[in-house]
Amino acid sequence: MSQPTRLFDFLYHQHEHFSKTDMLSGKENGQWVKYSTQQVIEYTHQLSKGLLRLGLSGNNMQVEQQDKIAIISHNRPEWLMLDLASQQIGVLLCPIYPTTNVNEIEFIFNDAAIKYVFVSGDELLEKVNSIRSKVPSLINVFSFDDNSSAANWKELLVKEKDQDPLLEEWKQKIATHHCATIIYTSGTTGTPKGVMLSHGNLVSNVLNATRSFPFPEMPSARALSFLPLNHIFERIASYIYISTGISIYYAENLDTIGENLKQVKPVLFTTVPRLLEKVYEKIMKKGAELTGIKRKLFYWSVALAEKYDNNIPGSWAYRMQLAIANALVFKKWREALGNHIQYIITGGAACQERLLRIFNAAKIPIYEGYGPTENSPVISVNCRKKGGTKFGTVGLVIDGQEVKLEADGEICVKGPSVMMGYYKRPDLTAETIIDGWLHTGDIGEFVAGKYLKITDRKKEMFKTSGGKYVAPLPIENKLMESPFIEQAMIIGADRKFVSALIVPSFQNLILWMNEKGMVYQNNVDAILLPEVKAHYEQIIEQYNQTLNHVEQVRKITLLPAEWSIDTGELTPKMSLRRKVIMEKYKEQIESAYQ
């Protein structure tokens, strides 16, 4: 078979080169159920024929004429089967985050004229049913669950062979330039935008990222998947796994990741920095519970790891000490991750450099990458080769991409991965892609002439009333290095000084309060205590020493509850919804400036 040119070609590439007994695996009734490459092909074919029987197809392969279906489901083998089945016949799959609110779902369904929806779980089914009457194009809803009031997806499977020639005819019609999917990005503000990605966009990104990282063919390796497949980051990772023979095991949910890691013993997984921070917080909490020599050894090991630099080996004495720490302390960290981890890839937001140093020192290699949905998505990544990684950056630009920085530092990219455009929004497309260059809206710089570093979002930079520009993201990331700060948002647009909303890490704050002989009753009362406020002001003052005068945080407001997707302050990929937070805490912000 020649090099894949369409996404579903990767499925047949795997079948030809390293057909597997566990291509996809998921938990059903508490047991791992494995689907072989051959079974996935059979299900994909049967589902493609079922979709054709419903009257769905790519028609003349013009995006406006291609039928659209949606999926709102947690990760499971059926997710990718539906994805591949749709691609083969030119039907556009529009994936939607399970956490998306009903108003956004209604907008997406009507904007894309969704005909069928595939869901998992009663809660998501209820969401869809609540707006069904407001979506004229919607014909039916199918569920992946057996015990559901909706029609079951298996009812669509066509096992008869009489439609095979029609399916083959459709597969031959699909070309690399045809649209493969529309992904609606909610972003931090505004109406969702449908990003149109072609087979060529996605296939080129898979091949270039695989070659650049590099991902070797690993037919015996396993990956654990838990980031939402609705996001292009996890989806492109899945295509990379398929193309290199890595088996995909789906975690049951975020709460079972620890248990699933021990069961699956994966070689790799992808994640976002927020989850790494949570893992680190759990580790540090357990370390704080130790006593005597074990406690001292734990903190000694972490302090050593904080000094780690992958490009500078350190003295002989340092290397010996780190070897001891790895043998006595970090070994347990690796065991908790299944003891087979060779690499973890993080993206979607900036990762704390301190965490990268600590985990890499502990022989848990983490590689940070970067790219927006509009680029399919990977632009750059820290790589598994000599000189390929530099902490604090998003690594080297991958093969096949050109990157330039505008005068204001905005990152622009050109290459085969750049999207077709925004669905039904030629105006936005023209603003975003200029002379073939995708304007990302991210501000960056090159370190040592080759490592890309993200410094902020163009739209998030603000000017104080004194006319000075402030980039909030680096300051927020710096503050969140403190074990006492869970989340932070910098404020100061058109104000005379910079202030910050701070969500404490309450588990660490409670430990500190206990050590000081203070009584903790609840979060609300704790943040009102003068001693607690003084503690945080002291923390902020320490960080202020590393900031320019205009960037220094003059006032802080402590908040009693963590920001989340469910409460609306975070996007599905855990970025801050700044406008939502500003409105929600309007009174507290105004109070800080009085």
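The values are calculated or read from the model by the stated rules, or taken from the named source; none is laboratory data. Nothing here was measured: the structure is a model prediction, and the numbers come from that model. Here the Cβ is made from the backbone with ideal geometry for all residues, glycine too, and neighbour counts use every protein chain on show. Just the protein is used for accessible areas: all its heavy atoms, side chains included, with ligands, DNA and RNA removed. Shrake-Rupley method; radii C 1.70, N 1.55, O 1.52, S 1.80 Å.
The combined condition, being in contact with a Gly (Cβ under 7 Å, 6 or more places away or on another chain), farther than 23 Å from K307 by Cα and either hydrophobic (A, V, I, L, M, F, W, C) or open to solvent by 40 Å² or more (accessible area, probe 1.4 Å) (or both), is not fulfilled by V413.
Scanning segment 534-558 for residues that are free of Cβ contacts under 8 Å to residues at least 60 places away in the same chain and not in a helix (DSSP H, G or I) yields a count of 8. The strands (runs of 3 or more DSSP E) located wholly in segment 1-74 that include 1 or more residues which are loosely packed, with under 14 Cβ neighbours inside 10 Å and of a type in the set (V, I, T) occupy 31-35. For segment 419-454, the set of residues classified as touching a helix residue (DSSP H, G or I) at 6+ places or on another chain (Cβ under 6 Å) and open to solvent by 20 Å² or more (accessible area, probe 1.4 Å) consists of H439 only.
Under the condition of being among the aliphatic types (A, V, I, L, M), outside any helix (DSSP H, G or I) and surrounded by 11 or more Cβ atoms within 10 Å (Cβ to Cβ), the residues counted in segment 287-330 number 1.
One residue alone among R53, R76 is touching a Phe, Trp or Tyr at 6+ places or on another chain (Cβ under 9 Å) and charged (D, E, K, R), and that residue is R76. Looking only at segment 239-253, which residues are farther than 16 Å from E28 by Cβ and touching a helix residue (DSSP H, G or I) at 6+ places or on another chain (Cβ under 6 Å)? The answer is Y239, I240, I242, S243, G245.
Six or more apart or on different chains, Cβ atoms under 7 Å: show the pairs whose first residue is in segment 389-417 and on the phi < 0 side of the Ramachandran plot and without any contact (Cβ under 8 Å) to a residue 60 or more places away in the chain and whose second is open to solvent by less than 10 Å² (accessible area, probe 1.4 Å) and among the hydroxyl-bearing types (S, T, Y). Correct list of pairs: V397/S380.
For segment 97-145, the tally of residues that are in a loop (DSSP other than H, G, I, E, B), among the hydrophobic types (A, V, I, L, M, F, W, C) and open to solvent by less than 40 Å² (accessible area, probe 1.4 Å) stands at 4.
Within segment 149-178, restricting attention to residues that are more than 19 Å from L47 (Cα to Cα) and within 30 Å of the chain's Cα centre (by Cα), the residue that is most open to solvent (accessible area, probe 1.4 Å) is H177. Quick check on segment 146-160: of everything there that is charged (D, E, K, R) and in a loop (DSSP other than H, G, I, E, B), which residue is farthest from R53 (Cα to Cα)? Here the answer is D146.
Yes/no per residue for (1) at positive phi; (2) assigned to a strand (DSSP E or B); (3) crowded, with 21+ Cβ neighbours inside 10 Å; (4) among the aromatic types (F, W, Y):
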{"site": "I502", "(1), (2), (3), (4)": "no, yes, yes, no"}
{"site": "I510", "(1), (2), (3), (4)": "no, no, no, no"}
{"site": "N514", "(1), (2), (3), (4)": "no, no, no, no"}
{"site": "Q521", "(1), (2), (3), (4)": "no, no, no, no"}
{"site": "V532", "(1), (2), (3), (4)": "no, no, yes, no"}
{"site": "I565", "(1), (2), (3), (4)": "no, no, no, no"}
{"site": "G568", "(1), (2), (3), (4)": "yes, no, no, no"}
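Close contacts from segment 1-24, counting a first residue that is at negative phi and a second that is open to solvent by 70 Å² or more (accessible area, probe 1.4 Å) and polar (S, T, N, Q), with Cβ to Cβ under 8 Å and a gap of 6+ residues or different chains, come to H15/Q38; S19/Q38; M23/Q39. Within segment 491-500, the set of residues being over 15 Å from P474 (Cα atoms), surrounded by 16 or more Cβ atoms within 10 Å (Cβ to Cβ) and touching a strand residue (DSSP E or B) at 6+ places or on another chain (Cβ under 8 Å) comprises A493, F497.
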